[in-house]
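Below is one structure; the comments refer to it alone.
Nothing in this text is a laboratory measurement; each read-out follows from the coordinates by a stated rule. A quick note: this is a predicted structure, and the numbers were derived from the prediction, not measured. Virtual Cβ from ideal backbone geometry, glycine too; neighbours counted across all protein chains shown.
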There are 2 protein chains.
Amino acid sequence: MHQRIGHRLRLLLLSNSRNPGGGWLDHAEGEIRDFLGAAGATPRAPLLFLPFAAVSMSFDAYTAMARQRFAKMGYALVGAHRAGPAAARAAGGFVAGGGNTFRLLHEMRRRGWLERVARELRRGRPYLGWSAGANLACPTIRTTNDMPVIEPASLAAMGLLGFQLNPHYTERTLPRHGGESRDQRIAEFHVLNPRLPVLGLREGSLLRLEGGRLELRLGPGARLFRAGRKPRDLKPGASLAGLR
Amino acid sequence: MHQRIGHRLRLLLLSNSRNPGGGWLDHAEGEIRDFLGAAGATPRAPLLFLPFAAVSMSFDAYTAMARQRFAKMGYALVGAHRAGPAAARAAGGFVAGGGNTFRLLHEMRRRGWLERVARELRRGRPYLGWSAGANLACPTIRTTNDMPVIEPASLAAMGLLGFQLNPHYTERTLPRHGGESRDQRIAEFHVLNPRLPVLGLREGSLLRLEGGRLELRLGPGARLFRAGRKPRDLKPGASLAGLR
């Protein structure tokens, strides 16, 4: 399961799409422009938007919303649900929106995009994902926070990273509520999956991978969990050298 | 998926095992004794304990904990992980402890208990489950709150009820946190599974099924969700006539 990170991979993985009181993707706009802009050729070919995490809104509506937001940043974008498989090769890059991770994975696999997109990413095409879209880059979606409202044939995801992300990470819990804390859930993950580190990405923060270099950027940072070790809080700029 | 509830089914399904500040199963002890006591023959043959939702503790440790707690109420109990398949027929009843629902279902199916226990329940043997153990009685575990730390071959569960439970239900959310509310998650479930009502069982409350009669008892009650309708708050004693 531990794949060596390809030096060609270019990923920007956000914990969330909206900070409290802020507009959609506003907190990360500078990072997104820097990441996609640096791609050189990228802005010329439209980005392929993967709207499949949407449940309460249609894929068309989600794509329209994303098209408008990315147009504001100067990027053209088309929806994968309306595109043929050749669109993966032609895409300037890929954008996977948040929503329900089980649905995203289910539709990505069922429609044949999962392998196709992963292949283009290994060739160096940039990938931007938030929340469910960030989970999709991991070996599996076993550290999602979502409800399993649909049943993918497998929980295996794109496997571009050798560790798991937990988006929307927080150590806070509801007072006088008996449900498990996020830390307890991740500890359970580690009992059954001891080899995979889990990076709990706090809201407002993101991970950028480029040239084999993994960087934690923006916001409050992350908490790194490894089986049998004490969790470690990391601030943006902290070394992620141990992660691959 | 809508099975008619058998008149023989005897279920006691708890949202949670411990109220804030209380001891383990203390809040429901009266209900448990009333339910298992009323079984007549039940206290004579040991109860079969299904410890498979445990992740951070061993099945032996979980069973020892349950054995001690049930002994205090006058019931003998043996762990299913140490018993042969004949134990299902001989059991005075079944107790499914909480923990991780994915693990519970995975082990129940893998070890051959899922069908065997369901069969005995259809014959009238009593079943007590809390949290993950309550999810197990439903058509699927698609309304669990747990992290999918392990991948069961299918999310289909015992299918004894024609609706879904969401244990630990609360409408509360963490302030300034972007994760979905429970109501949003259940709304997503209904987009993809419109025929199955979801009963959000609040902590402290339980559901009792006996003689074809479904009762909401104890604690603050539940919220009933149906696709396309406004959620409805129910107090203990409210009619559940529409549910089967």
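Shape class for the stretch B:100-244: oblate, because the ratio a/c of the largest to smallest gyration tensor axis (alpha-carbon atoms, square roots of eigenvalues) is 1.5 or more and b/c is at least a/b. When A:LEU199, A:LEU114, A:LEU161, B:LEU240 are sorted by how many other C-beta atoms sit within 10 angstrom of their C-beta, beginning with the fewest, the order is B:LEU240, A:LEU114, A:LEU161, A:LEU199.
For A:GLU171, the distances from its label point to the matching points in the remaining copies are 3.2 nm, ordered from shortest, with each point set 7 Å beyond Cα toward Cβ. Please work out the C-alpha center-to-center distance from the stretch B:167-231 to the stretch A:31-90 and express it in whole Å. Each part's Cα centre sits 35 Å from the other's.
Shown here for the stretch A:112-165: trypsin sites (Lys or Arg not before Pro) in loop regions (DSSP other than H, G, I, E, B) with at most 13 other Cβ atoms within 10 Å, namely A:ARG123.
Think of each Lys and Arg Cβ as +1 and each Asp and Glu Cβ as -1; about the Cα centre, that makes the dipole of the protein assembly as shown roughly 720 debye. A simple spin-label model places the labels of A:SER239 and A:GLU215 1.7 nm from each other, with each point 7 Å out along Cα-to-Cβ. For B:ASP146, the amide hydrogen comes within under 5 Å of the amide hydrogens of B:THR101, counting only partners 5 or more places away or on other chains and with H modelled in the peptide plane. Would you mind checking which residues have amide H under 5 Å from A:GLY79's amide H? H placed 1.01 Å from N; only 5 or more apart, or other chain. The answer is A:PHE49.
The angle between the Cα long axis of helix A:101-110 and the longest principal axis of the Cα atoms of chain A comes to about 50 degrees, rounded to the nearest 10.
Rounded to the nearest 0.05, what FRET efficiency is calculated for A:MET57 and A:ALA87 with R0 set to 25 Å and r the Cβ-Cβ distance? The value I calculate is 0.70. In sequence order, the stretch B:128-135 has phi-based couplings of 10, x, 10, 6, 3, x, 6, 4 Hz under the Karplus curve 6.51 cos²θ - 1.76 cosθ + 1.60, θ = phi - 60°, and Gly or Pro positions carry x. Other residues within the sphere of radius under 14 Å centred on the Cβ of B:PRO194, judged by their own Cβ, net out at +3 (K and R +1, D and E -1). Backbone geometry of the stretch A:48-59 corresponds, through the Karplus equation with coefficients 6.51, -1.76 and 1.60 at θ = phi - 60°, to 3J(HN,Hα) couplings of 9, 8, 9, x, 6, 7, 5, 10, 7, 10, 6, 5 Hz, x marking Gly and Pro. Taking other Cβ atoms within 10 Å as a rough exposure proxy, B:ILE186, A:ILE32 sort from fewest to most as A:ILE32, B:ILE186.
Fully extending the segment from B:ALA45 to B:MET73, taken as 0.36 nm per residue of separation minus the present Cα-Cα distance, adds 8.6 nm. Karplus-derived 3J(HN,Hα) values for the stretch B:235-243, using 6.51 cos²θ - 1.76 cosθ + 1.60 with θ = phi - 60°, are 9, x, x, 4, 6, 10, 4, x, 8 Hz; glycine and proline are entered as x.
For chain A, the longest principal axis of the C-alpha atoms and the axis of helix A:113-122 are separated by about 90°. Shortest first, A:ARG44 label-point distances to identical copies amount to 8.5 nm, with the label point at 7 Å from Cα along Cα→Cβ. The Cα atoms of the stretch B:17-99 define a convex hull whose projected area, averaged across directions, is 5.4 nm². Assuming R0 = 30 Å, can you tell me the calculated FRET efficiency for the pair A:ARG172 and B:ARG195, based on Cβ-Cβ distance, to the nearest 0.05? With a Förster radius of 30 Å, E is 0.25.
Can you tell me how chain A classifies by the Cα gyration tensor, rounded, prolate or oblate, using a/c under 1.5 as the rounded cut? Since a/c stays below 1.5, the shape of chain A is classed as rounded. In units of the rule-of-thumb radius 2.2 N^0.38 Å, the protein assembly as shown shows an alpha carbon radius of gyration of 1.02.
Put simply, the amide H of A:ARG244, placed in the peptide plane, has neighbours under 5 Å in A:GLY162, leaving out anything fewer than 5 places away on its chain. Distances between equivalent label points of B:ARG111 across the copies, with each point positioned 7 Å along Cα→Cβ, amount to 4.1 nm, shortest listed first.
Taking every DSSP helix (H) stretch of at least 4 residues in chain B, weighting each as -39,500 (n - 2.57) and dividing the sum by the residue count yields a mean residue ellipticity at 222 nm of -7000 deg cm²/dmol. Summing Lys and Arg as +1 and Asp and Glu as -1 over all other residues whose Cβ lies under 13 Å from the Cβ of A:ARG111 gives a net charge of +3.
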